[in-house]
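Shown next, in structure tokens, is the structure this report addresses.
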Amino acid sequence: MMRIVLASQSPRRKKLLQQIGLAFEICPSNAEEISSHTDPELLVEDLAALKAEDVASKFSESLIIGSDTIVVHNGEVLGKPKNETEAAAFLQQLSGTDHFVYTGVAFVKTDKNGTIQAKHTFNEQTKVTFSTLGEHEIKAYIKSGNPLDKAGAYGIQDDLGALFVEKIVGDYYNVVGFPLNRFYREMQSFIPEFDIMTS
């Protein structure tokens with residue numbers, strides 16, 4: 001069976017892949033997350049590929065999975081907030097408006113020598129609408145500590161973060177951080193001999 005490696009230390013991605021019964025190991029990437037792309041779709045695919053390629057050199061005859069998620073509001077990319085002040089600013093921006101969540105995923109397949117044999121990237125987009133947030137709601141959420149390690153300063157799966165999302169158009173799991181449906185379909189195409197259902 002092919003060795004599968006997730007090039008991410010995200011607890012959310014780990015949990016989602018465990019949820020579908022995928023057998024994998026984790027080796028976080030140390031790649032510097034820098035891209036020249038400004039288009040959100042190209043940006044997340046580029047960063048996902050950077051992570052997967054960084055880890056690929058350590059594993060032979062393996063499939064490396066890289067991923068990156070960003071939040072885009074009015075054309076501005078909102079990454080992980082640097083501190084509580086920035087987290088509050090992000091949430092105030094998102095309050096009462098629509099934004100988009102983009103997740104890029106990269107597959108990198110290595111041969112017996114650890115050389116990259118094949119590569120494939122894709123991205124998924126989900127539209128999210130926030131209700132109008134009160135200052136006390138933002139403060140309470142920040143106090144929980146949950147916003148600080150998430151793009152856009154919120155998690156749809158969080159106890160309080162879930163209360164902010166009025167509706168979504170697209171894949172819920174993409175907002176969590178990994179588009180399971182698209183991942184499954186793309187993996188079937190990239191590695192036809194691998195079947196999650198029977199692995």
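Each value in this text was obtained by applying a stated rule to the coordinates, not by laboratory testing. Only a predicted model underlies this, so the values are computations on that prediction, with no experimental measurement involved. For neighbour counting, all protein chains shown are included, and Cβ atoms are generated from backbone atoms with ideal geometry for every residue, glycine included.
Remarks
- With a simple spin-label model that places each label point 7 Å from the Cα along the Cα-to-Cβ direction, the separation between Met2 and Lys82 comes to 4.0 nm.
- Fraction of beta bridges assigned by DSSP in the chain that are antiparallel (%, nearest 5): 85 percent
- Near-label residues of the range 132-155 by backbone N, under 13 Å of a point 7 Å along Cα→Cβ of Glu32: none
- With contributions of -39500 (n - 2.57) from each DSSP H run of at least four residues, the per-residue ellipticity at 222 nm computed over the chain stands at -9500 deg cm²/dmol.
- Three-way shape call for the range 102-198 based on the alpha-carbon gyration tensor, with the a/c threshold at 1.5: prolate
- Using a simple spin-label model with pseudo-atoms 7 Å out from Cα toward Cβ, Ser60 and Asp39 lie 3.8 nm apart.
- The range 151-196: GluC sites (Glu not before Pro) falling in loop per DSSP and having at most 15 other Cβ within 10 Å: Glu193
- Overall, the anisotropy analysis places the range 100-157 in the oblate class: the square-rooted eigenvalues a ≥ b ≥ c of its C-alpha gyration tensor yield a/c not less than 1.5, with a/b not exceeding b/c.
- Ranking Val72, Cys27, Gln125 by Cα position along the charge dipole of the chain, where only Lys, Arg, Asp and Glu carry charges on their C-beta atoms, puts Cys27 farthest toward the positive end.
- Volume of the Cα convex hull of the chain, divided per residue and given in Å³: 111 Å³
- Placing dummy labels 7 Å off each Cα toward the beta-carbon, the span from Gln117 to Asp98 is 4.3 nm.
- Given R0 = 35 Å, the distance between the Cβ atoms of Arg185 and His136 translates into a calculated FRET efficiency of 0.25.
- Residue order, fewest to most beta carbons within 10 Å, for Ser35, Ser10, Ser189: Ser189, Ser35, Ser10
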